[in-house]
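Report on the following structure.
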Amino acid sequence: MTRGVKPQVILPSSAVEIGRPPAWLGKEAKREWKRVAPILNDRKVLTEGDIGTVQSYCVAFGVMVEAQKQINKDGILLGGKKHPALGTLNAAQTTMRLAANELGLTPISRSRAALRDDHQNDDDDNPLNVS
């Protein structure tokens, strides 16, 4: 592989569908699991190894919701200082963003996948990769 050239997308041969959310997920995390599972299943690209990323995304979603509820209840300042839940909220949002990107749940990650697919189709038209 040449330096600076991204590898071609390899579609998993053992794609799995994610089923029901794990029992140990919190209420909000389960709700998010049920929302994203059909989206991810329709794409048919997840493998067993991706289930942990889905779990991380959903757990972070649940933590984000709970932290935001607490901030809404108490206010941004608590005892004259920033609410401790703000750090939790920010960390959960970062985890969500990273996992969502890995799972193709953001507009930019989906557009990158579409670009790779377009380039892969271009190569199909030119089997010798001759320009």
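Which members of the range 46-86 meet the condition of being part of a loop (DSSP other than H, G, I, E, B) and open to solvent by 60 Å² or more (accessible area, probe 1.4 Å)?
Ile76, Gly79, Gly80, Pro84
Residues in the range 19-45 that are of a type in the set (Asp, Glu) and open to solvent by less than 30 Å² (accessible area, probe 1.4 Å): Glu28, Glu32.
The values are calculated or read from the model by the stated rules, or taken from the named source; none is laboratory data. All of these numbers come straight from a predicted model, not from anything done at the bench. We work out accessible area using only protein heavy atoms, side chains counted, and drop any ligands, DNA or RNA first. Shrake-Rupley method; radii C 1.70, N 1.55, O 1.52, S 1.80 Å.
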